[in-house]
1. Residues of the range B:44-74 being among the charged types (D, E, K, R) and free of Cβ contacts under 8 Å to residues at least 60 places away in the same chain, which ones?
2. Would you mind stating whether A:L32 is under 23 Å from A:I96 (Cα atoms) and more than 9 Å from every other protein chain (Cβ to nearest Cβ)?
3. For the range A:1-19, what are the residues that are of a type in the set (D, E) and farther than 19 Å from A:Y105 by Cβ?
4. Hey, can you tell me all the residues within the range B:36-59 that are more than 24 Å from A:F13 (Cα to Cα) and loosely packed, with under 10 Cβ neighbours inside 10 Å?
5. Taking the condition of being hydrophobic (A, V, I, L, M, F, W, C) and part of a helix (DSSP H, G or I), how many residues in the range A:1-33 meet it?
6. If I filter the range B:10-59 down to residues being at pLDDT below 90 and of a type in the set (F, W, Y), which single residue comes out as farthest from A:S17 (Cα to Cα)?
7. From the set of residues in the range A:1-32 that are open to solvent by 100 Å² or more (accessible area, probe 1.4 Å) and in contact (Cβ under 8 Å) with a residue 40 or more places away in the chain, which is farthest from A:T116 (Cα to Cα)?
8. Kindly establish whether B:V125 is in a helix (DSSP H, G or I) and within 13 Å of the chain's Cα centre (by Cα).
Amino acid sequence: MHFIFSNEVVLLFDFWSVHSSAGMALSVLVVLLLAVLYESIKVGKAKLLYQATVGMSIPTSQLTEETDQDSSSSDSPPVSRIRLRWFFCHFGQSLIHVIQVVIGYFMMLAVMSYNTWIFFGVILGSAVGYYLAYPLLSMV
Amino acid sequence: MAYNSTTVPHHHHPTTSASHSHGGGMGNMMMHMTFYFGFKNVELLFSGLVINTAGEMAGAFVAVFLLAMFYEGLKIARESLLRKSQVSIRYNSMPVPGPNGTILMETHKTVGQQMLSFPHLLQTVLHIIQVVISYFLMLIFMTYNGYLCIAVAAGAGTGYFLFSWKKAVVVDITEHCH
């Protein structure tokens, strides 16, 4: 198996079969946008975690103190609400993680089609996504 | 003028099967190139491991799910082990020209491990295990079997949810620049 330049490829699903150069251009664009989305999800997940921990940094220190001792403190209803909020935030993060894993595997399978145009689309999309998203990581 | 509409959907089947036999010429002609749902004659990673019944597919689903969960847990465990074993901190200061001709002292902080220490060897062994498991998960996803792919994704999500929960509560409130 080797890389070929071709306008015919079947990508990932049975219905996604490309025969013409216009279809190939569109497929390369879709794959490029998928790669951009993958890089931005990576940055978005880190920012979400940072905002969540900063947003409840003081209450979570109370949370760890509560788990050390066995007694329920006097302000337990706000702590349990914070726990619930943290649970939903973390659940949302796990969903985003699943989407990131699936898109990563889809990009691997797209490259596995051994079509050079699709490969270029993945590489270019990763580059553009990294270029656009990673500066946002250091911005607060 | 015998143009049947039935010839059109059959048109792309010979081309895709021709590309299959070209691409899969190194022994395995049954390689799928698109997602499918099925449990008959599914080869999984090793030559003796063939799934033929729904029960075997359910067992394979659970095994792949647990493997993906273990992979996420291994990643988190390696991170926490690294943080715990980084005890040696070296500071070195160097003079740096500042504005207005003054000289400022810039301090660099390096954290690291010794090469032959036990934590580093343990990290290396765990790294090898992590690389092998990640390649196994990639190969499992490459079977294009819908059930197994869903098992990989669900296992990764559940593993991230369970293991990163603990990590996020304990670690990230103390370290802001993570």
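1. At the first step, the residues of the range B:44-74 found to be among the charged types (D, E, K, R) are B:56, B:72.
Of everything in the range B:44-74, just one residue is among the charged types (D, E, K, R) and free of Cβ contacts under 8 Å to residues at least 60 places away in the same chain, namely B:E56.
2. It is true that A:L32 is under 23 Å from A:I96 (Cα atoms) and more than 9 Å from every other protein chain (Cβ to nearest Cβ).
3. A:E8
4. B:F46, B:S47, B:G48
5. Total satisfying the criteria: 10.
6. Per the criteria, the residue is B:F46.
7. The residue in question is A:M1.
8. No: the conditions fail for B:V125.
The values are calculated or read from the model by the stated rules, or taken from the named source; none is laboratory data. A quick note: this is a predicted structure, and the numbers were derived from the prediction, not measured. Neighbour counts run over all protein chains shown; Cβ positions are idealised from the backbone, glycine included. Surface areas here come from the heavy atoms of the whole protein model, side chains and all, with no ligands, DNA or RNA. Shrake-Rupley method; radii C 1.70, N 1.55, O 1.52, S 1.80 Å.
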